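Structure first, then comments.
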Amino acid sequence: MPTTYEPQDTPYVVGDQLTPTVKADSGMAGLQASEVFHVTSNQAIGSHGEGDAFAKRSFGTSASNLRQQIASAGSPEAAEQLKTKLEDRLGKDLQNAGNAAPLFFTAQQTDQITKNIDPQKVDVVPDYGVLTPKLATLNNRAVICSQIDKALDLNILSEEKHGLSAEGQPLSISGRAPGVAVLQRPESLMDMEKVLDVKYDRPEIQRGLSDLEALDYITGQIDRHAGNIFVDPQTGKVTGIDNDLALPEVSRAEMLKDNMLATKAVRNPPLYMHEETAAKIEAMTPEALGDAMRQANDLCPDPAGKISETAIEGAQQRLVEMQGHIQTMRQEGRIVPEFDKNTFEKTLQHQQGVIDQDIAQKRANTPVAYRQEGAHTTNELNGAPRTSYLGSVAIEQQKTDLMNARYQQREVITGPEKTQLVPTPLEQYQIEKTALKEKFRTDPSTHEYPNVAQAGVPDAIAKHEAAENRVQQARQQLAEVQNPQQGAGGWARASSPAAIERAQKELADALKEKVQTGKALDAALEKSVESLKPQIEQNAVASHKANLQASTVKLANEYGAQKIERHETKKELREVEDRLKFLPKNERNEALREQLEHQRGQMQADLKKIEAKLDKTKDKLIDNHQQLGEPIPSYLQSTGDSWKTEVKQGRSQNAGQNILNNQSNANQHNEPKVAPGSHRPKL
């Protein structure tokens, strides 16, 4: 199927737009047993051109697939392996069913329902009692939450779309979120938990966490924890993933009676909110929110997956509650033009106060013989209420300090490895389109593009600029009312509460107008580029190829430098090993032997890191050549140390460029090399 550059509302289909990524060690059977699997798409999934995504099956589908595979297994051994996978899958399904129950039933009903689920009965058929029909709606809930996010223009959730497997089974397709999770679970028994350590006081990160809180309140999200909050360390972008446990059919107050939610859901509404976020939420009416949700619900390809009208009405009610809370925050000065050091410290102080009070109360209710004294423990922090998502992050940081105090139990990371990925054609298309829209916005009188005026861009810009001016005037008026100037007698007359309230309302109304004119301007700009999209697509393909070629030059030189580094490290390692081999074993040489053994261990560790870098660089180079439709150069196909002679000869100071100069004869390329940089001093 040809590449399509704009996202679609109709389902994405495996084998059509979607291609699943099958791991070599699991094969297709392993893929079918997975609840979540990776896919690539030849059509944009998100508004930024995301073509890299995760597909999630409807609840219970993986267990059903495994049962079918067991029935047709070719041998008893294969059947036993599949049964082991089924047992593991059923255990996870039981846990997930219990997690979802508070969305649909009261706390008392949930407790009884989960107790009545018979694991033996689940083994035979996917029967979870009265929960069974409800669980089929979870994927659709994630998609509708994504649409609510777009309707509010917060752009804080991973974009979700409906999908279908090759067999016609419903899926939800989630675009890959930038950055990494605040808390990452270990992938194997050899790994440890990882916690992300970045500057969470950055204004953009504070705002992102606050925006996510506000949206989760409206959607009724009950499963937001540090593991599904992503932060991009480079940009500060915050993204919420795994959004299916939302849109409840019971009230928020009833949900929060469930003890299971005590350490996940933030019980209180946001402590601080950015003024633009507040304006966007206040500009949304319950009717418009309901329409957006129903429209998304109608797109669900699975009739059993549609949510109820009760769930829609619940979201409308929570929107009204949030709008009322915004008015309270505005009166208390907690609607802010920017997040800063003050908002950061006040939020953490509030969280710490609640932690201290909660733990003190629990300790007081504990018999003296079992009472914990002194500093808080990780178990106590686990059970403490969260008052904000920033507070949740702070709790994880405190837990990490406690866990690593005696020996390392968590790895502290500062983010993913910094790699300059070449934007895909889908992503490059959005980059080119955004740049053109920005050009039209800054210069709407561009004569070679008459469609700009036809789309109403100049008029939309004028209205938006007028709204921005109104905001500035309202902000100045509020400042004057809140901080009156001293008169001739050296005193200032305080403004009345009514005057302050009027000024606050004018600023709120001005911000709402700015939001509305901004949306109208975006729509006009999108219309202005509509007829130019074929040309933008061609430009995106050409830019992608040029970027790939430039990346190949850079990677080729990095690859040569890494091989030289490996050669030098191996040489030095051999020297150390030779010295150890021939060092006389006597008391006089013990200190030197210990030093050499330490150096050998360090060099062996360094060598492993270099080998890992080499493998990654090689994989990227091969991928680049394949995307360019070129043969794989011989230096990427060779193994061993035959390249040493070339290193000694130092034949190529700019091998990466030579690759492009000789693409017509790619298989005759010499291995790229660069002059050695700084290396470890010789022993």
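The values are calculated or read from the model by the stated rules, or taken from the named source; none is laboratory data. If you're wondering where the values come from, they're calculated on a predicted model, not measured in any experiment. Every residue, glycine among them, receives a Cβ derived from its backbone with ideal geometry; neighbour counts consider all protein chains shown.
Among the candidates Glu465, Glu448, Glu480, single out the residue that is of a type in the set (D, E, K, R), in a helix (DSSP H, G or I) and at pLDDT below 95.
Within the list Glu465, Glu448, Glu480, the selection yields Glu480.
Of all residues in the range 322-347, how many are in contact (Cβ under 8 Å) with a residue 60 or more places away in the chain and closer than 30 Å to Lys134 by Cβ?
Total satisfying the criteria: 1.
Just to be sure before I move on: is Pro269 over 17 Å from Tyr217 (Cβ atoms) and in contact with a His (Cβ under 9 Å, 6 or more places away or on another chain) in the structure I sent?
The answer is no for Pro269.
Quick check on the range 574-587: of everything there that is basic (Lys, Arg) and surrounded by 10 or more Cβ atoms within 10 Å (Cβ to Cβ), which residue is modelled with the highest pLDDT? Even if it seems obvious, please write down each step before you answer.
At the first step, the residues of the range 574-587 found to be basic (Lys, Arg) are 574, 579, 581, 585.
Among the residues that remain, those that are also surrounded by 10 or more Cβ atoms within 10 Å (Cβ to Cβ) are: 574, 579.
Values: Arg574: 96, Arg579: 93.
Among them, the one singled out is Arg574.
Between residues in the range 146-166 that are assigned by the TED database to the domain that holds Gln516 and residues that are outside any helix (DSSP H, G or I) and not small (Gly, Ala, Ser), which pairs lie under 8 Å by C-beta distance while being six or more apart or on different chains?
From the range 146-166, no pairs qualify.
Out of the residues in the range 386-440 that are hydrophobic (A, V, I, L, M, F, W, C) and more than 30 Å from Pro186 (Cβ to Cβ), state the one that is modelled with the lowest pLDDT.
The qualifying residue modelled with the lowest pLDDT is Val422.
Are any residues in the range 107-155 modelled with pLDDT of 90 or more, more than 30 Å from Gly518 (Cβ to Cβ) and of a type in the set (Val, Ile, Thr), and if so, which ones?
Thr137
Could you tell me how many of the residues in the range 289-345 are among the small types (Gly, Ala, Ser) and closer than 30 Å to Pro203 by Cβ?
4
Name the pairs: first residue in the range 231-256 and on the phi > 0 side of the Ramachandran plot, second residue part of a loop (DSSP other than H, G, I, E, B) and at pLDDT 95 or above, Cβ to Cβ under 8 Å, at least 6 apart or on different chains?
Gly236/Arg202; Leu247/Gly220; Leu247/Ile307
Report, by residue number, each residue of the range 168-192 that is of a type in the set (S, T, N, Q) and either under 16 Å from the mean Cα position of the chain (by Cα) or buried (at least 20 other Cβ atoms within 10 Å of the Cβ) (or both).
The answer is Ser172, Ser174, Gln184.
Kindly indicate which of Ala44, Ala78, Ala53 is out of contact with any Asp or Glu (no Cβ under 8 Å at 6 or more places or on another chain), within 30 Å of Tyr5 (Cα to Cα) and of a type in the set (A, V, I, L, M, F, W, C).
Ala53
Does the range 588-596 include one or more residues that are under 45 Å from the mean Cα position of the chain (by Cα) and either part of a helix (DSSP H, G or I) or modelled with pLDDT of 95 or more (or both)?
Within the range 588-596, one or more residues are under 45 Å from the mean Cα position of the chain (by Cα) and either part of a helix (DSSP H, G or I) or modelled with pLDDT of 95 or more (or both).
I'm trying to understand the selection: among the residues of the range 37-95, which are free of Cβ contacts under 8 Å to residues at least 40 places away in the same chain and acidic (Asp, Glu)?
Within the range 37-95, Glu77, Glu80, Glu87, Asp88, Asp93 qualify.
Filter the range 244-268 down to the residues that are under 21 Å from Leu209 (Cβ atoms) and charged (D, E, K, R), then identify the one that is surrounded by the most Cβ atoms within 10 Å (Cβ to Cβ).
The residue in question is Asp244.
Check whether at least one residue in the range 217-230 is at pLDDT below 95, surrounded by fewer than 18 Cβ atoms within 10 Å (Cβ to Cβ) and within 15 Å of the chain's Cα centre (by Cα), and report yes or no.
Checked the range 217-230: at least one residue is at pLDDT below 95, surrounded by fewer than 18 Cβ atoms within 10 Å (Cβ to Cβ) and within 15 Å of the chain's Cα centre (by Cα).
Within the range 515-548, track down each residue that is in contact with a Leu (Cβ under 6 Å, 6 or more places away or on another chain) and either farther than 17 Å from Thr442 by Cβ or exposed (fewer than 14 other Cβ atoms within 10 Å of the Cβ) (or both).
Leu548
Here are the criteria: (1) farther than 27 Å from Glu513 by Cβ; (2) in the same structural domain as Leu548 (by the TED database). Tell me which single one Leu421 does not satisfy.
Just one mismatch for Leu421, condition (2).
So which residues in the range 348-384 are in contact with a Lys or Arg (Cβ under 6 Å, 6 or more places away or on another chain) and in contact (Cβ under 8 Å) with a residue 24 or more places away in the chain?
Thr378, Leu381
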